[in-house]
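So the structure is just underneath, and the comments pick up after that.
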Amino acid sequence: MELLAGKVTDKDIRAAADQIVATGMKDAGYIYVNIDDTWEGQRDADGVLHTNDKFPDMKALADYVHSKGLKLGIYSGPGSKTCAGFAASLDHEVQDAQLYASWGIDYLKYDLCSFRKDVMAAKAPDDKAEQMRLMVAAYDKMGNALKESGQADRLFALPVRLDAPWEWAPALGGNLWRTTDDVKANWMSIYDIVNQNAGLAKYAGPGHWNDPDMLEVGNGRLTLAENRSHFSMWAMLAAPLLAGNDLPNMKPEIKAILTNKPLSPSTRTSWARRHSRLRRREVEVWTRRLAGGATAIAVLNVGSDRVASHPST
């Protein structure tokens, strides 16, 4: 729940799990409740990372989320500090992976952040190729640690937006990788991201996905048509559908968009391809092959009216 940001607590995550079930989001395929940054405390003398007082018992929290039929995600990075300045996993990769397994964590978002300064810039300030090698090695190290921790089905998210992660992340055990900068709750940002993901179809498939960032459906000042278009195109792109709206205060029309069964997370297969731009490039046609041989077609009006039709099969 993006609106909570750094204030998120154990209580908030439990409430989010309850809301995912109560609103029908779970039935539509939303099964991960992800904690982003700011859950971390300090490492003890043995290097074991402890949670801060906002999350007094991560194992108990994971058990609660699992009792709802959902899964719990967590956040770290390969540097010494996370993006918010909390303890990250540099030199503690195996230890942290084992800790997450002991808690029952199902998803790890592993953000680059301080690794750029800690390692890439420090060890290879003027060598871009060596910086790239160091970054890939860091993600490979955590990927292997996760595999060896005993939770083979845990998802590994790489929010790396540089050096074409779609070309190297799958080999490191990455399940999803960011393809763009952060999305914002306005149509220009959303459509720019759609454009940037055109041409990446061949890199996505079952178990590994291009990630254009979370859904902003229901946030900001997006119109109803823009919310529908946003969700429709993320679904066409077979993107990981990560809702970032305020669930307890979700309007019925927003719920209807996010829980649209034909476009829900449980129906993802291949990645969409843009086939043509019509009428002075104001209308786009996208297609995506579905399981069973059907084809989904999206006609997206990107002209001044910005009213898009729903994808159809």
TODO: Output the residues belonging to the range 218-230 that are assigned to a helix (DSSP H, G or I) and buried (at least 23 other Cβ atoms within 10 Å of the Cβ).
DONE: N227, S229, H230
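For every residue, the table says whether it meets (1) outside any helix (DSSP H, G or I); (2) of a type outside the set (A, V, I, L, M, F, W, C).
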| site | (1), (2) |
| --- | --- |
| D12 | no, yes |
| V21 | no, no |
| M25 | yes, no |
| Q42 | yes, yes |
| D53 | yes, yes |
- [ ] Just need a number here: residues in the range 198-217 that are in contact with a strand residue (DSSP E or B) (Cβ under 6 Å, 6 or more places away or on another chain) and surrounded by 23 or more Cβ atoms within 10 Å (Cβ to Cβ).
- [x] 4
- [ ] Could you grab me the full set of residues in the range 178-197 that are surrounded by fewer than 18 Cβ atoms within 10 Å (Cβ to Cβ) and either touching a strand residue (DSSP E or B) at 6+ places or on another chain (Cβ under 8 Å) or hydrophobic (A, V, I, L, M, F, W, C) (or both)?
- [x] M188
Open item on the list: Given (1) touching a strand residue (DSSP E or B) at 6+ places or on another chain (Cβ under 9 Å); (2) of a type outside the set (D, E); (3) at pLDDT 95 or above; (4) closer than 26 Å to E216 by Cβ, identify the lone condition not met by K11.
Closed with: (1)
Task: Any chance N175 is polar (S, T, N, Q), closer than 22 Å to A97 by Cα and in contact with a strand residue (DSSP E or B) (Cβ under 8 Å, 6 or more places away or on another chain) - done: yes
Task: So V119, is it surrounded by fewer than 19 Cβ atoms within 10 Å (Cβ to Cβ), over 23 Å from M233 (Cβ atoms) and touching a residue at least 24 places away in the same chain (Cβ under 8 Å) - done: no
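The values are calculated or read from the model by the stated rules, or taken from the named source; none is laboratory data. Nothing here was measured: the structure is a model prediction, and the numbers come from that model. Neighbour counts run over all protein chains shown; Cβ positions are idealised from the backbone, glycine included.
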